[in-house]
Amino acid sequence: MTTSRVVSTGEDHETVLDNATTAAEKLAATSPADIAGLLRGVAAELDAHTEELVPLAQRESHLPEGRLRGELVRTTFQLRLFADTVEEGAHLKATIDTPDPDWPTGARPDLRRTVLPLGPVLVFAASNFPFAFSVAGGDTASALAAGCPVVVKAHPGHPELSRRTAEIVAGALTSAGAPEGTFALVEGTEQAKAVLLDERVRAGAFTGSNTAGRALFDLACSRNSPIPFYAEMGSVNPAFVTPEAAAGRGAEIARGYLDSYTLGVGQFCTKPGLLLVPSSAAQRFRDVLIPEVEQRAAAPMLNDGIENAFRETLGALGDHAAVETLVSGRRSEGEVGPSLLYTSARELVDNREELTAECFGPASLLVGYSDTDELLEAAGVFTGELTATVHGNEEESIVAPLYRTLRARVGRLVWNGWPTGVSVSHGMQHGGPYPATTAPIHTSVGTAGIERFLRPVSFQNAPREVLPEAVRDGNPLGVPRRVNGRMETPEQG
């Protein structure tokens, strides 16, 4: 029996959420080892269907085969990484304070704190990563790892791939022993809105545009019982080149910048949308960049909607009185080439709203600054970004104040590198202050993403039978725990 269903009627919507609610109770009682087994089972089945899934993704996304194969590897890797994390048990944050009549603030009762799954989660799949941020992507993996049932809203940019991936995920979960209702797929905006507003859904996750993300976030907050809605909504990801870096390796930086902003036809949420360079070096950057941008081939974008939005945004940017178009990318039917534009830091500060708008596609804005004071002023115009990049030398006096300005505004700071390419790991932070995301204290990439779908609960003087296993005496799950303020490994416990 499959646990996946494509919803098209109100009756099916009700059935899907009834099943998800029932599954939530069972998954909450499932051991970390068994949850890990579910994740590994999904990863194995996706790997086994690589030769079927990759051609489907190519046909619907226009992305090259090599990119898609690598993305599918990333997708199954992150499922296995979450499995390892869940098995270790540190994400349960198990904490025990035993009774202490002499506690300085008054007699302390027996307190045991851990985290519990929120319940059914609605995940909105993204278009630009048809595997890693879609049906079986990071949000789905995070929610399943937390012990939450998942309902995925398929992205219309790759419907056939979404349906087939959902069938494979559902079949793998069933084979691994997951309860019915653990996973389902829905299609269509109206159905997704209905699911989001349903009281049985306890959290939402989204990757996409600011307009759609904010609308869904507002919808989630409008419910009688508002729920957390984790929207990652894009970013312009400014990059800064210090005077010494520009003088010493300007050509190298320029070429790395071009490679980064044109990667994947510019359709990465971490694409560097602006590069700030000293005005004295701006002409050298232009001399390197213009001929190389002109030589880059045009390529198709993910779908007509994204291409049309890119053309409109780029047109508005190029028409701005403060902007000079250096290269207007070659365009043919169904393909776009990279574009490069130029403005000054003074104009960026004075026209911040227009010039810091995200242009999702192969275009970027080169910005010249007169001195380091103007560089810092320009850095201050950004309000919420996924990343910021600094190319500099460690001994330069501008580096520390620039970092102080940027770290209040971004989720990830990149030093002498480029932001495209987000590592799936324990230390990754893929998030940032609004408008980059609606939840700057969380990440949508890496193992810390599990925390979005877990809720802390304390049990005071509770009988053993009602305690979650993570905080029972004897540590039956064998997880790391903090006991009376000291961390204990399973061996110590």
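Go through R346, R331 for me and flag whichever is at pLDDT 95 or above and on the phi < 0 side of the Ramachandran plot.
None of the others qualify; the one that does is R346.
Which numbered condition in (1) touching a helix residue (DSSP H, G or I) at 6+ places or on another chain (Cβ under 6 Å); (2) under 28 Å from D259 (Cα atoms); (3) without any contact (Cβ under 8 Å) to a residue 60 or more places away in the chain is the only one that P476 fails?
Here P476 clears every test but (2).
This table checks each residue for (1) touching a Pro at 6+ places or on another chain (Cβ under 9 Å); (2) farther than 23 Å from N303 by Cβ.
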| residue | (1), (2) |
| --- | --- |
| S142 | no, yes |
| G147 | yes, yes |
| A154 | no, no |
| H158 | yes, no |
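Yes/no matrix, rows are residues, columns are (1) under 13 Å from the mean Cα position of the chain (by Cα); (2) outside the structural domain of R472 (by the TED database); (3) open to solvent by less than 40 Å² (accessible area, probe 1.4 Å):
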position	(1), (2), (3)
L375	no, yes, yes
H391	no, yes, yes
E396	no, yes, yes
L402	no, yes, yes
H426	no, yes, no
H430	yes, yes, yes
I450	yes, no, yes
N461	no, no, no
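Can you tell me which residue among A239, A254 is assigned to a helix (DSSP H, G or I) and open to solvent by less than 10 Å² (accessible area, probe 1.4 Å)?
A254
Go through (1) open to solvent by 40 Å² or more (accessible area, probe 1.4 Å); (2) assigned to a loop (DSSP other than H, G, I, E, B) and name the single condition G478 misses.
In the conditions (1) open to solvent by 40 Å² or more (accessible area, probe 1.4 Å); (2) assigned to a loop (DSSP other than H, G, I, E, B), G478 misses (1) alone.
Which is buried (at least 19 other Cβ atoms within 10 Å of the Cβ) and touching a Ser or Thr at 6+ places or on another chain (Cβ under 9 Å), of L81, L63, L111?
Exactly one of L81, L63, L111 is buried (at least 19 other Cβ atoms within 10 Å of the Cβ) and touching a Ser or Thr at 6+ places or on another chain (Cβ under 9 Å), namely L81.
Checking V42 against (1) more than 19 Å from T447 (Cα to Cα); (2) touching a helix residue (DSSP H, G or I) at 6+ places or on another chain (Cβ under 9 Å); (3) of a type in the set (A, V, I, L, M); (4) surrounded by 15 or more Cβ atoms within 10 Å (Cβ to Cβ): exactly one of these is not met. Which one?
(1)
Residues of region 439-448 being open to solvent by 10 Å² or more (accessible area, probe 1.4 Å) and in contact with a Leu (Cβ under 9 Å, 6 or more places away or on another chain), which ones?
T447
Got at least one residue in region 274-291 being under 31 Å from the mean Cα position of the chain (by Cα) and of a type outside the set (A, V, I, L, M, F, W, C)?
no
If you take the residues of region 172-191 that are modelled with pLDDT under 95 and assigned to a helix (DSSP H, G or I), which of them is least open to solvent (accessible area, probe 1.4 Å)?
Taking the candidates together, the pick is Q191.
Answer yes or no as to whether P55 is in the same structural domain as E187 (by the TED database) and free of Cβ contacts under 8 Å to residues at least 12 places away in the same chain.
Here the answer is yes, as P55 does meet what is asked.
Looking only at region 313-369, filter to residues that are more than 23 Å from G384 (Cα to Cα) and charged (D, E, K, R); which one of those is surrounded by the fewest Cβ atoms within 10 Å (Cβ to Cβ)?
Of everything passing the filter in region 313-369, E333 is surrounded by the fewest Cβ atoms within 10 Å (Cβ to Cβ).
Here are some residues: T76, T30. Which one is assigned to a helix (DSSP H, G or I) and either at positive phi or touching a residue at least 24 places away in the same chain (Cβ under 8 Å) (or both)?
T76
Residues to consider are A448, A378; find the one that is modelled with pLDDT of 95 or more and within 20 Å of L275 (Cα to Cα).
So the residue among A448, A378 that is modelled with pLDDT of 95 or more and within 20 Å of L275 (Cα to Cα) is A378.
Name the single residue that is most open to solvent (accessible area, probe 1.4 Å) among those in region 463-473 being touching a residue at least 12 places away in the same chain (Cβ under 8 Å) and assigned to a helix (DSSP H, G or I).
In this case the residue turns out to be E469.
Picking from R214, R223, which residue would you name as being assigned by the TED database to the domain that holds V445, basic (K, R) and under 19 Å from the mean Cα position of the chain (by Cα)?
Criteria check complete, one pass: R214.
The values are calculated or read from the model by the stated rules, or taken from the named source; none is laboratory data. Worth saying up front: this structure is predicted, and the values here are computed from it rather than measured. Here Cβ is always computed from backbone atoms with ideal geometry, including for glycine, and neighbour counts include all displayed protein chains. SASA here: full protein model, heavy atoms, side chains in, ligands and nucleic acids out. Shrake-Rupley method; radii C 1.70, N 1.55, O 1.52, S 1.80 Å.
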